[in-house]
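The values are calculated or read from the model by the stated rules, or taken from the named source; none is laboratory data. Computed from a predicted structure; not experimentally measured. All Cβ positions, glycine included, derive from the backbone under ideal geometry; neighbour counts span all protein chains shown.
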Amino acid sequence: MAKNNRIPKIRGAKRSSREVIKNQKEFDKSCNYKVEWRYGTKWNQQKTAKYRYMACRECGSMTVASPAATAITCSSCVQKMVDPPVFKSSIAKTGRPAGWHFMKEYVDKDGNVFHKGVEKPELKGTLKPTVIEKKKRLTKREKAKIKQEANSKIYDLKKQLKKAKFKKDQRVINRQIKYYQRISAGRIPKNYLENNSE
Ligand SMILES: [Zn+2]
């Protein structure tokens, strides 16, 4: 069977409004912006092919344009014109923190009470909304400081270990050394700052 690549006609469809350009040179001249044909230089262009460049209507920088374009706005001007995309987080959607339905008890801002994600209508309004403390992320410098502290602790503990005579003392020290070795390797426990802040 012969292949039919023709686009099926859709009844009532508009005809393409784009005119076929018969004389590209004339067409380029008729454009209100500077047009140049340049050999490809970019990674996604062919070096032997010529590409149509047109001055950006905003800043005038030469930008790749399709052969039929009459005016063009470069990407950096578009970026200046539009707001950055908004990323909706799950917090924005429900107003509830991540993992709220795993919490033993969670009270939303309207006073709805949930026990492990299941609403308890009879408790509505009887409890204060749950306050979620924002997790504090450690900066690089803080991390480095904690690691350094851990290393000096390990050093001290190893000295203690040499002096320790009893097995049970050695065991305690060894456990502590292991704890600080984890930290020294970059695995800092979540509650480290709470437990070690002066
Ligand atoms: Zn521009």
The residue that is surrounded by the most Cβ atoms within 10 Å (Cβ to Cβ), considering only those in region 161-180 that are over 15 Å from residue 146 (Cα atoms) and aliphatic (A, V, I, L, M), is 173
Those residues of region 120-142 which are farther than 26 Å from residue 191 by Cβ and surrounded by 13 or more Cβ atoms within 10 Å (Cβ to Cβ) amount to 120, 123, 124
Apart from one, (1) assigned to a helix (DSSP H, G or I); (2) among the acidic types (Asp, Glu); (3) at pLDDT below 90 all hold for residue 110; the odd one out is (1)
- prompt: Restricting attention to region 181-192, does a residue exist that is modelled with pLDDT of 90 or more, surrounded by 13 or more Cβ atoms within 10 Å (Cβ to Cβ) and among the hydrophobic types (A, V, I, L, M, F, W, C)?
  reply: yes
Restricted to region 80-94 and to residues being surrounded by 10 or more Cβ atoms within 10 Å (Cβ to Cβ) and hydroxyl-bearing (Ser, Thr, Tyr), the residue modelled with the lowest pLDDT is 90
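Can you find a residue that is basic (Lys, Arg) and within 16 Å of the ligand (Cβ to nearest atom) anywhere in region 65-85?
Yes, there is a match, as at least one residue in region 65-85 is basic (Lys, Arg) and within 16 Å of the ligand (Cβ to nearest atom).
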